[in-house]
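To start, the structure itself, in structure tokens.
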Amino acid sequence: MHFRAITRIVGLLVILFSVTMIVPGLVALIYRDGAGRAFSQTFLMALAIGSLLWWPNRKQRTELKPREGFLIVVLFWTVLGSEPGAQRQVQPAFQRAIHHRPRQGRRAA
């Protein structure tokens, strides 16, 4: 197994995931819905974790086997699942948005 190459790829994937938090974070800050802080914290934490995984292994370039690809997928989802902070803060705001139903005026018959 090429553990350093696997770690490099997982780090790159986590960095790529962190970049996906920028747009929703900006939208949340523009509309002031309260989730901007959660997105920015998730962005910074994922960027830090990904950089720590990638930087020491950035020069590792080897041919990977299919079982190593499977390990990369498992590790990537494990790293993403280990940071539930954003889900705790965003989920209540999302639930309020879904369950809020505006009143509809009814006419008396």
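Quick notes on this structure:
- Of the helices (runs of 4 or more DSSP H) lying entirely inside the range 21-96, those containing at least 1 residues that are at pLDDT 85 or above and within 19 Å of Met1 (Cα to Cα) are 36-54, 66-81.
- Restricting attention to the range 9-65, the residues being touching a residue at least 24 places away in the same chain (Cβ under 8 Å), crowded, with 16+ Cβ neighbours inside 10 Å and over 22 Å from Trp77 (Cβ atoms) number 1.
The values are calculated or read from the model by the stated rules, or taken from the named source; none is laboratory data. The model shown is predicted, which means the values in this text are computed figures rather than measured ones. Every residue, glycine as well, gets a Cβ built from its backbone with ideal geometry; the counts of neighbours run over all protein chains shown.
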